[in-house]
1. The conditions are (1) surrounded by fewer than 17 Cβ atoms within 10 Å (Cβ to Cβ); (2) at pLDDT below 90, and Tyr41 fails exactly one of them. Which is it?
2. Enumerate the pairs (first residue in the stretch 67-96 and at pLDDT 80 or above; second residue anywhere and part of a loop (DSSP other than H, G, I, E, B) and surrounded by fewer than 13 Cβ atoms within 10 Å (Cβ to Cβ)) with beta-carbon separation below 7 Å, excluding pairs fewer than 6 apart on the same chain, so at least 6 apart or on different chains.
Amino acid sequence: MKKVVIALLTTLPLAACAGDYYGGPYGAGPIAYDGYYDDYYGPIYDGYWGDGGVFYYRRHQHGRFVADRGQHFRRDAGSGGAGHFHPMHGHFTPPPQRGHHRH
């Protein structure tokens, strides 16, 4: 029984990391991002590339970061024809560490 409890406790930190950030990265210096965007979500305020190549964006300064699951942000221009995806560049400075993750 003790071994089972220890095994379960060691997996909890990994499970917490598996969820999407809902607040954004914290405690680092300015984070630059480059990529291409098709304007599907309208104007964005800023964002960052997360694990697995997913782009997390927010629409205003105090908004939460949302994962782009529809592949409207790319690291390359894609093949959607001229003007389909346009270049985007930016950066933001994350707030101090808060450690919030969605489970």
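1. (2)
2. Every condition considered, the pairs that remain are Gly70/Tyr40; His72/Tyr40; His84/Gly78; Phe85/Gly78; His91/Pro30.
The values are calculated or read from the model by the stated rules, or taken from the named source; none is laboratory data. Just so we're clear, the structure is a prediction, and the values are computed from it rather than from any experiment. All Cβ positions, glycine included, derive from the backbone under ideal geometry; neighbour counts span all protein chains shown.
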